[in-house]
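The values are calculated or read from the model by the stated rules, or taken from the named source; none is laboratory data. For clarity, every value in this text was computed on a predicted model and none was experimentally measured. Heavy atoms of the whole protein, side chains included, go into the accessibility calculation; ligands, DNA and RNA do not. Shrake-Rupley method; radii C 1.70, N 1.55, O 1.52, S 1.80 Å.
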Amino acid sequence: MEKIYFYNTLTRKKEEFIPIAEGKAGMYTCGPTVYNYAHIGNLRSYFFEDILKRVLLYNGYKVNHIMNITDVGHLISDEDEGEDKMEKGSAREGKSVWEIAEFFTEAFKKDISLLNIIPPTVYCRATDFIQEQIEMVKCLEAKGFTYKITDGIYYDTSKFPDYGKMALLDIEGLKEGQRVEINEEKRNKTDFALWKFSPKDEQRQMEWDTPWGRGFPGWHLECSAMSIKYLGNHFDIHCGGIDHVPIHHTNEIAQAEACTGEKFVNYWLHGEFLIEENGKMSKSKEEFLRLQKLIDKGYSPLEYRYFLLMTHYRKKIKFSYGNLDAARNGYRNLIGRIKEIKADSYAGRIPTGDTEEFETRFRKSVNDDLNVTEGLAICWEVLKDNELSSADKILLINNFDKVLGLGFASIKPEGPAEKIPEEITKLAEQRIQAKAEKKFSEADRLRDEITGRGYKITDDKNGKYTITKNP
Ligand SMILES: [Zn+2]
């Protein structure tokens, strides 16, 4: 297997990826809080994680990808204060929190699918794993990491020596009051809620009984509990947006490692923000940009994907319609070029192996901390190359598309070959591939199938071929 390098937030270094089990990668990605639609900045995180997964698959890894759906416990502030996001969504829409969760989960899955993001192996909802979360609090309690105050059970971060290590948090600085403190009962500013009690005079829509009292889990708890449930105490990769580093992921590590006594995750990867011209994209604004809005304005989801491909995941992207238009032009040019080449490729020659240099360069780029921007540039080089045959170009870019995810395989040719039905040209392409792989009996079988469907393939001695309809 070729080497893959990731920038690991834990060490602030690019490191070679060494999986725990050979040929396999366990990966947990923090999913959406389903109280509203995702904005296009949120979607950038899922896109980056899709590239990460595709690169692993491209290199032959078997990927077990778990994504949570937060349908309980996430308050407006990541620091256990403010309104409950789900209850807020429920009040806004006049529906129950359960209905809200269902509706926005489906909306999220639709956005993911439109952007050609491969769905996770498992989506897990926080409310389906309440028992596992309660067990984790019990585990932390037994080991002396918890304390009880008026509004809940809290994690005492001073008991966990490495707290804030990944985020390089200045704990001393925080003690002097850099973080605004709301809850005065907390022992340390960085302490966080494991279990929040329901208000005494109010019945919440989502609440559960526990030995400590009726209430609901703190937001960070679900990710530690569910990732361990599916991937084990110690697994390969965990990722999310860069905003997860100082609080959410820091707290996940504290919970998991204090409870299991083992290292939680080997590689932490974080995607940068998409920012609007006037600052960070946020849902707290009344109007926020979602994918459907771009579609309503005439942009296709894959044009947005192409736009995202143009910037490395660890760099900020400034969103503007001008920038999106530039990406759209690039995308349309690319598709146009592919259509022409596909139309031409039926008269192409058998691949001769001079594709290897491009393949190697592409793999090196994407394996270097997911440099798909360079990968896209190589894709363009292939299309413009004067030496390669059209058939070679199609083979190469279809292969690159396993990582880029722009749907090249479904692009229809435009030109004279258009009259030949797609299934026939597909068979002819498969036959070329089979010949290239020296599977000659398979190539013969494909030829027979094409003949059986009323078309004829003629090879010439230069390795070119043409398809004609039998009269
Ligand atoms: Zn999470």
Cα gyration tensor, the chain - rounded (a/c under 1.5), prolate or oblate | prolate
Using only protein heavy atoms and a 1.4 Å probe, report how much of Glu357 is accessible, in Å² to the nearest 10.
-> 110 Å²
Percent carbon-and-sulfur accessible area, the chain, ignoring ligands, DNA and RNA, probe 1.4 Å = 49 percent
